[in-house]
Amino acid sequence: MVTLALGADVLKLQQAGLIQAGWEKELPRGSIITHSAVALIPRSGNPKGIKAWSDLNKAGVTVVTANPKTSGGARWNFLGLWGSISQNGGTAQQAERYVASVYNNFDNLPKDAREASDVFLKRGQGDVLLNYENEAILASKSGNFKQPFIVPELNIRIEGPVAVVDKNVDNHDTRQAAEALAAYLLTPQAQRIFAEEGFRPTDPAVWAKVQSRFAPVRRWFSVADFGGWAKVNQEFFADGGLWDNLIAKSR
């Protein structure tokens, strides 16, 4: 059984013949066990006055996030940046210009979200870190983030999928146990645990009880608004895609 950063990772396993097509229909709510959002985490005191997506491409603001070619979390960040324009009445050309201007404010692109947090927290680089809301919540609880973080009111609905690895469970005769665990992750009991760990539960009844713990999001958009992961990966992140072109132009 796998719980991964994004549905595109499950798609890779499906394409490799490890997971059967239609996995997202095997459990309620599209087999999505958690939601989250992109959070903007500024330096203590927020000296650069970061309040919204529109502050990230200002002159003198250095942004830290991972490389979307190597990090699932960074792909969510990229879609959050792009959608802050395209899902707010902007054109694809305007979204591309905005995203390019934000990535021009990067010193480097760590390989994953954990390394990006280390760059920001331990090395003291950057004015603002883009990360999962749930990671920001946990870091705030542990004292690593003392500055309040910002969850933009227009945000990407980050979806955490679960899937049973069909080839493995059939080889080891463990399908019943794996499917039971996957189903458990969608129960109210498990959903309450996720909420305690900073994730937004997908169970509507549990969410109704815990939503006051989370920053309000006025309007969500999702990967479906971009055509789904297969299209997103091909258009944005495939070799020679939009991301590669943006990086080539910035060098």
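Points to keep in mind about this one:
- Looking only at the stretch 152-172, and only at residues there that are part of a strand (DSSP E or B) and under 19 Å from LEU6 (Cβ atoms), the one that is farthest from the chain's Cα centre (by Cα): ALA163
- Among residues of the stretch 173-194, those that are within 20 Å of LEU4 (Cβ to Cβ), assigned to a helix (DSSP H, G or I) and not aromatic (Phe, Trp, Tyr), counted: 11
- Residue count for the stretch 237-251, restricted to those that are surrounded by fewer than 15 Cβ atoms within 10 Å (Cβ to Cβ) and outside any helix (DSSP H, G or I): 4
- Residues of the stretch 194-251 satisfying the condition of being at positive phi and assigned by TED's automatic domain parsing to the domain that holds GLN15: GLY198
- Any hit, the stretch 58-65, residues being in contact (Cβ under 8 Å) with a residue 60 or more places away in the chain, within 22 Å of PHE214 (Cβ to Cβ), outside the structural domain of LEU186 (by TED's automatic domain parsing) and out of contact with any Pro (no Cβ under 7 Å at 6 or more places or on another chain): yes
- Qualifying position, being surrounded by 15 or more Cβ atoms within 10 Å (Cβ to Cβ) and either in contact (Cβ under 8 Å) with a residue 60 or more places away in the chain or under 30 Å from PHE237 (Cα atoms) (or both), among VAL210, VAL223: VAL223
Yes/no matrix, rows are residues, columns are (1) of a type in the set (Val, Ile, Thr); (2) under 30 Å from ARG175 (Cβ atoms); (3) in contact with a strand residue (DSSP E or B) (Cβ under 6 Å, 6 or more places away or on another chain):
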site	(1), (2), (3)
ASP9	no, yes, no
SER31	no, yes, yes
SER44	no, no, no
PRO47	no, no, no
TRP53	no, no, no
ALA66	no, no, no
THR70	yes, no, no
VAL99	yes, no, no
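- Apart from one condition, ASP55 fits all of (1) closer than 16 Å to PRO152 by Cα; (2) within 19 Å of the chain's Cα centre (by Cα); (3) among the charged types (D, E, K, R); the exception is (2).
- Residue match in the stretch 124-138 (condition: surrounded by 15 or more Cβ atoms within 10 Å (Cβ to Cβ), aromatic (Phe, Trp, Tyr) and in a helix (DSSP H, G or I)): no
The values are calculated or read from the model by the stated rules, or taken from the named source; none is laboratory data. Please read these numbers as outputs of a predicted model, since none were measured by experiment. Note that we place each Cβ from the backbone using ideal geometry, even for glycine, and neighbour counts take in every protein chain shown.
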